[in-house]
Amino acid sequence: MNPGQRRPRLPALALLLPALLFGGEAAAERPMVVDDAGALTRGDGKVEFGWSRAGRTRGFDLAAGYVPVDDVEISLGLARTRDHAASPDESLRSTGLALKWVPLVLASGVSAGLAYSRQREHAAHAPGNRGETLGLLLSWQLDDGALIHANLGRSHVHQAGPNLRRNTWGLGSELPLAETLTLTLETYGAERQRPGR
C-alpha cells in the first residue's frame, strides 16, 4: 500500500455474511416498511433487497438479518438514493441496525413483539442525521393464509436543528396469490407527515 493511500474498510454487512452463509436457511424478499411480528428460527438468516424510482430519484435498499437466539432477530441495513433532478445530483446514504424481539408467535391468530432500530443518514451536501425508533409490532394470520401487520412506535431524530420526536404508525398486508407469489400492500407514516404507500 502506498503512503497516503486509504486502507479499504470492510462494510458492516461483511461481518454478518458468514452467519448468513453458514447459519441455516436463508430467505430473500423485498423489504416492507411495515414490519411483521415474526422471527425466523434460531440460526436462520434472510436477505432483503429493493430498488425504487420516483420521478428522477432512484435508490436501493438492502437488509440482512440473522437469528442468534430464539425469538430475537438482528438486522443490518444499507440504503442509498440519488436525486438526478437536482444540480448537482443530491445523494443520501443511510445505515441502520435493528433488533426485534417476538415473544408471542402463533401459527394462526395474533403475534406480538417489540422492535428497536438505530439509523444514521449521510447527505452529500448537508449535515447527517441519526435517529432511534422503538415500536410495537402486531401481526394477524388469517385462515386463508393472508397476513395483516400493524406497527405503532415513537421515533427520535437528532439533527442540526431542533431534534424531532414523533409517533409513527404502519399498516400492511401480505396476500398470497399463488404458491410463490405474494402481493404486499402498505401505508405508513409519522404524525404531521403525509403517509407513504
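The values are calculated or read from the model by the stated rules, or taken from the named source; none is laboratory data. Computed from a prediction, not measured in an experiment: that's the story for all the values here. Here the Cβ is made from the backbone with ideal geometry for all residues, glycine too, and neighbour counts use every protein chain on show. Surface accessibility is based on the protein's heavy atoms, side chains included, excluding ligands, DNA and RNA. Shrake-Rupley method; radii C 1.70, N 1.55, O 1.52, S 1.80 Å.
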Among the residues in the stretch 120-134, are any in contact with a Gly (Cβ under 9 Å, 6 or more places away or on another chain), more than 30 Å from Glu179 (Cα to Cα) and small (Gly, Ala, Ser)?
no
Counted residues in the stretch 174-197 being under 11 Å from Val33 (Cβ atoms) and in a strand (DSSP E or B) come to 6
If I filter the stretch 145-152 for residues that are farther than 25 Å from Ser91 by Cβ, assigned to a loop (DSSP other than H, G, I, E, B) and open to solvent by 60 Å² or more (accessible area, probe 1.4 Å), do I get at least one hit?
no
Residue set Leu164, Leu136; condition over 19 Å from the mean Cα position of the chain (by Cα) and surrounded by 13 or more Cβ atoms within 10 Å (Cβ to Cβ); output residue Leu164
Flagged in the stretch 95-143 as closer than 24 Å to Leu175 by Cα, part of a loop (DSSP other than H, G, I, E, B) and without any contact (Cβ under 8 Å) to a residue 40 or more places away in the chain, in numbering order, are Leu106, Ala107, Ser108, Leu142, Asp143
Reported set for the stretch 63-95 where residues are of a type outside the set (Val, Ile, Thr), within 17 Å of the chain's Cα centre (by Cα), surrounded by fewer than 19 Cβ atoms within 10 Å (Cβ to Cβ) and farther than 15 Å from Gly50 by Cα is Leu92
